Amino acid sequence: MQELALLEDLPADYREALTRENLVPLWPNLRAVLPPGKPRPKTRATHWSYEALKPLLLKAGELTPIEKAERRVLVLANPGHGLENMQASAAMYLGMQLLMPGEWAAAHRHTPNAVRLIVEGEGAHTTVDGEKCPMSRGDLILTPTGLWHEHGHDGDKPVVWLDVLDLPLVYYMEASYHVDGPRQNIKPGHGDRIYARGGVVPTAAFQRQSNAYPMLRYPWVEARAALEALATDQPKLDAVQISYVNPETGADAQNILGYYALMLRPGQTLRLPARSPSAVFHVMEGAIEAGVDEQSFTLAMADTCCVPGYTAVSLRNRSANAPAFLFIADETPLHRKLGLFENRD
Ligand code: 1HN
C-alpha cells in the first residue's frame, strides 16, 4: 500500500494559512477515515458483570433519590469510545436502571428509540403511549421515538432493567432532545394480548398497518416458548433464534436497532459470522462462554457483553444438561437501511 505524505511534510506557514481559512489537506488523514480492508472500530469487546454492577446500582438507590435522578441508571460504557461518551458501540447505548418500590419515574418523550429488557424483580410497570405494560423478567418493552413513557413500581423489591437506546446515533445526528409531560391517562387495549398468536392479527378493517408500533410489550414467556418450539421442530437447526418484529408488517420492531432472542442447546457452540453491525449479548438464562477474536468472556446470568462489527463470535453453552437463553441487540436494521450491511462469511 502506498504511503501518503504526512502533515509535517508541509511547510508550517502553508499549514497555518490553511487553518486560517478552515481548510484541511485530505491526504494526511485519508488512511484514518478509510482504513484498508476493514474498519478500525473504537468499539471494544467488553463484558459487564451483573454481580459486580448490582451492588453499585442498589447503592445509587440509597445515594440518589429518583426525583433527583429522573432516571436512576448506571451506563454500560465502552472504554473504546471513552466512558464519558456513554456508548456501548457506535449506535448503541446500554444502561441498567433501578426503580425502588413506590418510586415513580415521570413522563417524558424523546427522539431516540428505547427498549427495556427486564432483568430482575416483579411489580413494576411502564406506561408507553397510554398503554400500561407490566414488567416481568425477560419481557421486552418498546419505547419508540416520540412516544410518552413513564415508570412506576407497586411491588416490594427493587426492579432492574436493561435500557437499550440508539442514543449515540441520534445524538451524533444532532437530533436528540426530550420533552417532559404530565402523567399519562391509561388507554384500554394491550398489544401483547391482541398480537399474542403468530399468523393472526386483528383485521380492524380500516386501521391495518396504520400504527407503526402496534405491539409495545413482548412477554418473555412467549419468546421463550417460541424458541423451545423452534428447537424441537428443527432438531438440526444451529441458530435457534427469533427476531422481535412488528406483527403487522414483519419488519424489525424498531427502525435503527434490531432485537432477537437466541437459545443454545445443552453443550452447543454456535459460531456467528463476522457481520458489519456491532452486537450486544445479554444472558437471560444459563451461563455462556463468548469467544471474540483472541478474547474469551465467561458470561453468567444477567451479564452483558458488547462486540464490535466485522468480528466473528462463538457462543458456547457451558451447561451440558440445560439450554441457555440470550437476548441480543444489534445495529442490523441501520446497516441494512444505509446499504452498509455485510456478512463476511
Ligand atoms: C430514558 O428516557 C430512559 O425513560 C432510560 O427510562 C435511559 C438514557 C438516555 C436518554 C433517555 C427511560 C435513558 C433515557
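So here's what we get for this one:
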| read-out | value |
| --- | --- |
| Residues that are within 12 Å of the ligand (Cβ to nearest atom) and within 27 Å of Phe281 (Cβ to Cβ), drawn from the range 119-141 | Ala124, Thr126, Val128, Met135, Ile141 |
| All positions within the range 67-81 that are more than 9 Å from the ligand (Cβ to nearest atom), hydrophobic (A, V, I, L, M, F, W, C) and closer than 18 Å to Val159 by Cα | Ala69, Leu74, Leu76 |
| Residue check for Lys42: touching a His at 6+ places or on another chain (Cβ under 7 Å) and open to solvent by 60 Å² or more (accessible area, probe 1.4 Å) | yes |
| Residue match in the range 72-85 (condition: under 22 Å from the mean Cα position of the chain (by Cα), free of Cβ contacts under 8 Å to residues at least 40 places away in the same chain, open to solvent by 50 Å² or more (accessible area, probe 1.4 Å) and within 20 Å of Pro277 (Cα to Cα)) | yes |
| Among (1) open to solvent by 40 Å² or more (accessible area, probe 1.4 Å); (2) not in a strand (DSSP E or B), the one test that Thr298 misses | (2) |
| Flag if Ala261 is of a type in the set (Gly, Ala, Ser), touching a residue at least 40 places away in the same chain (Cβ under 8 Å) and assigned to a strand (DSSP E or B) | yes |
| Residues located in the range 191-200, provided they are open to solvent by 50 Å² or more (accessible area, probe 1.4 Å) and assigned to a loop (DSSP other than H, G, I, E, B) | Arg197, Gly198, Gly199, Val200 |
| Residues (over 23 Å from the mean Cα position of the chain (by Cα) and either crowded, with 18+ Cβ neighbours inside 10 Å or of a type outside the set (A, V, I, L, M, F, W, C) (or both)) located in the range 45-70 | Lys59, Gly61, Glu62, Thr64, Pro65, Ile66, Glu67, Lys68 |
| Only one of Pro158, Pro182, Pro188, Pro219 that is at pLDDT 95 or above, exposed (fewer than 13 other Cβ atoms within 10 Å of the Cβ) and either at negative phi or within 16 Å of the ligand (Cβ to nearest atom) (or both) | Pro182 |
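The values are calculated or read from the model by the stated rules, or taken from the named source; none is laboratory data. Because the structure is predicted, anything quoted here is derived from the model rather than measured. No Cβ is skipped: glycine too gets one built from the backbone with ideal geometry, and neighbour counts run over all protein chains shown. These accessible areas exclude ligands, DNA and RNA; they are computed on the full protein's heavy atoms, side chains included. Shrake-Rupley method; radii C 1.70, N 1.55, O 1.52, S 1.80 Å.
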